[in-house]
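This report refers to the structure that appears directly beneath it.
The values are calculated or read from the model by the stated rules, or taken from the named source; none is laboratory data. Quantities reported herein were computed from a predicted structural model and do not represent experimental measurements. Neighbour counts run over all protein chains shown; Cβ positions are idealised from the backbone, glycine included. Note: areas computed on protein heavy atoms with side chains; ligands, DNA, RNA excluded. Shrake-Rupley method; radii C 1.70, N 1.55, O 1.52, S 1.80 Å.
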Amino acid sequence: MDECALYADPALYDLLFPNTRDCASVADQARWKLAVASEQFYIEQARERGGRVLELGCGSGRLTIPIAREGIDIVGADLSPSMLLSARAKGAAAGLQIPFVQADMRQFDFGARFSTILVAEIGRAHV
């Protein structure tokens, strides 16, 4: 499968979909509120369910890293090697040991069970 140009450039992706630590520079208040609410929603869902979390389509770690900062055991999976490289670097810079693995969300087997599987989308929530 060819990699979409947006997913080949994590820096561009992060500009379009910033996490709450990076969105202070976002001038659009509605967009900023959406990013904050989205991150908080997924943190709360992971916390409420307890146990290990899998985020499919984790991209550059926009949600995976904040969830891990909360002390929640999480694995990030994405198809894009460039996004995973970025996520691993950001996770390490944050002092977190998050497993980021390459996987296709259409077919995967980690040989493990998860209490929660997240597939996040800007503006929508799927748990």
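Numbers for the structure displayed
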{"quantity": "Residues of the stretch 31-43 satisfying the condition of being within 17 Å of Glu121 (Cβ to Cβ) and open to solvent by 10 Å² or more (accessible area, probe 1.4 Å)", "calculated": "Arg31, Lys33, Leu34, Ala35, Val36, Ala37, Ser38, Glu39, Gln40, Phe41"}
{"quantity": "Residue check for Gly71: without any contact (Cβ under 8 Å) to a residue 24 or more places away in the chain, assigned to a loop (DSSP other than H, G, I, E, B) and within 24 Å of Lys33 (Cα to Cα)", "calculated": "yes"}
{"quantity": "Hey, Pro10 at pLDDT below 90 and either hydroxyl-bearing (Ser, Thr, Tyr) or surrounded by 21 or more Cβ atoms within 10 Å (Cβ to Cβ) (or both) or not", "calculated": "yes"}
{"quantity": "Residue tally, condition surrounded by 18 or more Cβ atoms within 10 Å (Cβ to Cβ), assigned to a loop (DSSP other than H, G, I, E, B) and of a type outside the set (Ser, Thr, Tyr), over the stretch 50-66", "calculated": "6"}
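Every residue, every condition in (1) in contact with a strand residue (DSSP E or B) (Cβ under 6 Å, 6 or more places away or on another chain); (2) within 20 Å of Tyr42 (Cβ to Cβ); (3) modelled with pLDDT under 95; (4) open to solvent by less than 40 Å² (accessible area, probe 1.4 Å), yes or no:
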{"residue": "Ala68", "(1), (2), (3), (4)": "yes, yes, no, yes"}
{"residue": "Gly71", "(1), (2), (3), (4)": "no, yes, no, no"}
{"residue": "Ala77", "(1), (2), (3), (4)": "yes, yes, no, yes"}
{"residue": "Ala89", "(1), (2), (3), (4)": "no, no, no, no"}
{"residue": "Ala103", "(1), (2), (3), (4)": "yes, yes, no, yes"}
{"residue": "Phe108", "(1), (2), (3), (4)": "no, yes, yes, no"}
